[in-house]
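Remarks on the structure that follows.
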Protein chains: 2
Amino acid sequence: MQVNLAIDAMGGDLGPRTNIAGVLLALLQDPLLSVTLVGKQQLVKTLLLQHHLSRKLADRIHLLACNDQIGMHEAPASVLRHRQDSSMHLAIKLVAQGQCQGVVSGGNTGALMLISRHYLGMLPGIKRPAISTAIPTYKGQSYLLDLGANIDCQPENLLQFALMGSVMVSRVEGKARPRVALLNIGQEAIKGNSLVKAAANLISQHPCLNYVGYIEGNKIFSGDVDLVVCDGFTGNVALKTSEGLAGYLSGQIQTLFHKNWYSRLVGLMAQPLLHQLKQQMDPVRYNGGSFLGLQGCVVKSHGNADAQGFSFAIARAATEARQGLAECLQTAMQKLYLPYETN
Amino acid sequence: MQVNLAIDAMGGDLGPRTNIAGVLLALLQDPLLSVTLVGKQQLVKTLLLQHHLSRKLADRIHLLACNDQIGMHEAPASVLRHRQDSSMHLAIKLVAQGQCQGVVSGGNTGALMLISRHYLGMLPGIKRPAISTAIPTYKGQSYLLDLGANIDCQPENLLQFALMGSVMVSRVEGKARPRVALLNIGQEAIKGNSLVKAAANLISQHPCLNYVGYIEGNKIFSGDVDLVVCDGFTGNVALKTSEGLAGYLSGQIQTLFHKNWYSRLVGLMAQPLLHQLKQQMDPVRYNGGSFLGLQGCVVKSHGNADAQGFSFAIARAATEARQGLAECLQTAMQKLYLPYETN
């Protein structure tokens, strides 16, 4: 199925060059994908020219010029109001106007969230999008949410995350009754903070959820559950700690294989294996973070993602757009409509 | 300096055989260490005999017989009252009576905490011990606390963790002004949940602390700070997630080096390097968790630790006992005495 995505070409720590390389990787992988690059015209054109694109590939790339870009550390509320000619604004508007089926950006997360909310609107009962990402496990992918959008959560927020995440996993992964777990510090019912205990009470009683109980941090990568639910503070710490550890261990491996002549020799022979390992050791940069709860498809690529990482985020958005995830969530949330308002 | 430690020989998932192997490793590493093994007499004697100990080594091992042991999942409050002939009770009592300078157990964490509190007592102003562990970083060891003893924390608890942790790092690592950071989801002052923001306010104003600001999960292993402070829920999730990821990646490496004949050959050549790596990839089992805030030295070994892991926990306790950490904390807390009571 054809899909056209809006790409914020200017976002991310590594900038347009990396983003455009990522876009081309994604286009090569997915023949039914086309993109609208939103960026500074001259710069984007120059970068595209460097790739000597075939006519066929070039035809799948459209360009929308902007005059501004939002910095990684600017205050979201200010850029929402004052930077309406930025690549991020224009890219999201393309989705709001129905010209694109989804948007991908590696830029400022807070700004992306606020601008998306402004142009796309939220689902009934949801005040802020939750961020979810796929994580690698022994048995394929699991999902984790929230990753930092909702910091001081109420039990009702965690219930909403469980509901939205559950719809997402069943839609995107084709799993009929995704197994939902709450991240906690023990598996016994008496363990945990007051938020988790109250959320467990709500989630376990909801008829639409296949709640399997608490999960501890050391089991996140087990693949025993399909969805791990937690507040945004905890999820952010868990994900970033994993990122930090993966980086640390990757560094240790490098050092190990450069210690002496023997280890260098083995390291040389192991090069292709180590390359595969390096990719596996960077789980957090895969796929991008999906914003759930918006009336539209928005995927945030890791600010620090390389071209391949960015292409994963694009592929993620293409899948969600094709599966009609946002519409599906909208129907589900209207049906389930929660009678309380949350923060 | 001579030191005698009480060892709960019966605790831990892997049981007395592993604990005793760990004790022997620790004794071989540390010629001035002696231990009192608390365990079922016949069992411990049989296990010791299997090691064919030299007279000299055997002289450094004392035995205190018990008739009971506490299971890993028993309710702490019940075992405190009803299981006073257990190895854990008797081992902690040896410290309370001054016969040993510290105790190490791989058993039930909640029970160890409650029984330690009961026999040893708390420092002024502290209601529950905080658990701290060393974590490997690019630049040597850092420390993380709390790891799960204090779940629903107030800002004052985090201040206490910062104070106790700071005293510990300066005493044990010999660092004059340990750099203290608060674990958060961003480095900017506006980021974070209400607990972290209020704690930052308290910690940054305290004259005895060298507070350097917020730290994100991906920087925990950077070594840029000496002490990372967080509530017990967050710390437990961060540590266990690291443990889970390390295990997952270790498994990936195994699989990678067994894929085909080439990778098997390289794997064979890389065996010594992979062995080193395996040790480095298991950071969370090092050292054991120190209980801070008690009037005595108590170190909890990871329930799942192997003999080498258990020997690290013993070495940790020996260091803390030699440095007089508990007394040092007592003096510091009396001097700093906090005028409020905490939960």
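The values are calculated or read from the model by the stated rules, or taken from the named source; none is laboratory data. Quick caveat: nothing in here was measured; it's all calculated off a predicted structure. Note: ideal-geometry Cβ built from the backbone for every residue, glycine included; neighbour counts use all protein chains shown.
Do you know which of the residues in region A:204-214 that are farther than 10 Å from A:LEU159 by Cα and assigned to a loop (DSSP other than H, G, I, E, B) is nearest to the other protein chains (Cβ to nearest Cβ)?
A:CYS208
Among the residues of region A:219-248, which ones are within 18 Å of the chain's Cα centre (by Cα), assigned to a loop (DSSP other than H, G, I, E, B) and not acidic (Asp, Glu)?
Listed by number, the list holds a single entry, A:CYS230.
Checking the condition surrounded by 24 or more Cβ atoms within 10 Å (Cβ to Cβ) and within 30 Å of B:ALA200 (Cβ to Cβ), which residue from B:ASP146, B:ASP152 passes?
On the way: B:ASP152 fails: surrounded by 24 or more Cβ atoms within 10 Å (Cβ to Cβ).
Being surrounded by 24 or more Cβ atoms within 10 Å (Cβ to Cβ) and within 30 Å of B:ALA200 (Cβ to Cβ) holds for just one of B:ASP146, B:ASP152, which is B:ASP146.
For B:ASN201, only one of the following conditions fails: (1) polar (S, T, N, Q); (2) in contact with a strand residue (DSSP E or B) (Cβ under 8 Å, 6 or more places away or on another chain); (3) more than 10 Å from every other protein chain (Cβ to nearest Cβ); (4) surrounded by fewer than 20 Cβ atoms within 10 Å (Cβ to Cβ). What is its number?
(2)
Yes or no: B:GLY174 without any contact (Cβ under 8 Å) to a residue 12 or more places away in the chain and closer than 30 Å to B:CYS208 by Cα?
Working: without any contact (Cβ under 8 Å) to a residue 12 or more places away in the chain: yes; closer than 30 Å to B:CYS208 by Cα: yes.
Taking the combined requirement at face value, the residue satisfies it.
Which residue out of A:LYS45, A:LYS93 is in the same structural domain as A:SER301 (by TED's automatic domain parsing), touching a Phe, Trp or Tyr at 6+ places or on another chain (Cβ under 7 Å) and among the basic types (Lys, Arg)? Please lay out each step first, then the result.
Numbers: A:LYS45 fails: touching a Phe, Trp or Tyr at 6+ places or on another chain (Cβ under 7 Å).
Just a single option satisfies the conditions, and that option is A:LYS93.
Yes or no: B:LYS175 assigned by TED's automatic domain parsing to the domain that holds B:ASN67 and surrounded by fewer than 22 Cβ atoms within 10 Å (Cβ to Cβ)?
no
Scan (1) in contact with a strand residue (DSSP E or B) (Cβ under 8 Å, 6 or more places away or on another chain); (2) outside the structural domain of A:LYS175 (by TED's automatic domain parsing) for the single condition A:ASN150 breaks and write down its number.
Against the list (1) in contact with a strand residue (DSSP E or B) (Cβ under 8 Å, 6 or more places away or on another chain); (2) outside the structural domain of A:LYS175 (by TED's automatic domain parsing), A:ASN150 comes up short only on (2).
Of the residues B:LEU158, B:LEU163, which single one is touching a helix residue (DSSP H, G or I) at 6+ places or on another chain (Cβ under 6 Å) and not basic (Lys, Arg)? Before you say what the answer is, go through the steps one by one.
Values: B:LEU163 fails: touching a helix residue (DSSP H, G or I) at 6+ places or on another chain (Cβ under 6 Å).
The unique qualifying residue is B:LEU158.
Specify which of the listed residues (A:PRO339, A:PRO272) is within 11 Å of another protein chain (Cβ to nearest Cβ) and at pLDDT below 95. Please lay out each step first, then the result.
Values: A:PRO339 fails: within 11 Å of another protein chain (Cβ to nearest Cβ).
Among A:PRO339, A:PRO272, only A:PRO272 is within 11 Å of another protein chain (Cβ to nearest Cβ) and at pLDDT below 95.
Residue by residue, here is whether (1) surrounded by fewer than 15 Cβ atoms within 10 Å (Cβ to Cβ); (2) touching a strand residue (DSSP E or B) at 6+ places or on another chain (Cβ under 6 Å); (3) at pLDDT below 90; (4) within 9 Å of another protein chain (Cβ to nearest Cβ) holds:
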residue	(1), (2), (3), (4)
B:VAL228	no, yes, no, no
B:ALA238	no, no, no, yes
B:ILE253	no, no, yes, yes
B:LEU277	no, no, yes, yes
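Under the condition of being over 24 Å from the mean Cα position of the chain (by Cα), among the charged types (D, E, K, R) and in a helix (DSSP H, G or I), which residue from region A:53-95 is nearest to A:LEU114 (Cα to Cα)?
Selected residue: A:ARG81.
Checking the conditions here, which among A:TYR138, A:TYR143 is at pLDDT 90 or above, at negative phi and of a type in the set (Phe, Trp, Tyr)? Walk me through how you get there before you give the answer.
On the way: A:TYR138 fails: at pLDDT 90 or above.
Result: A:TYR143 is the single residue among A:TYR138, A:TYR143 that is at pLDDT 90 or above, at negative phi and of a type in the set (Phe, Trp, Tyr).
Quick test for you: out of B:GLY217, B:GLY232, pick the one residue that is under 21 Å from B:MET333 (Cβ atoms), within 8 Å of chain A (Cβ to nearest Cβ) and either free of Cβ contacts under 8 Å to residues at least 40 places away in the same chain or not aromatic (Phe, Trp, Tyr) (or both).
Criteria check complete, one pass: B:GLY232.
For B:ARG177, state whether it is in a helix (DSSP H, G or I) and of a type in the set (D, E, K, R).
Criteria not met by B:ARG177.
Here is a list: B:GLN334, B:GLN330. Which entry is more than 14 Å from the chain's Cα centre (by Cα), more than 22 Å from B:VAL23 (Cα to Cα) and modelled with pLDDT of 90 or more?
On the way: B:GLN334 fails: modelled with pLDDT of 90 or more.
Matching residue, one of B:GLN334, B:GLN330: B:GLN330.
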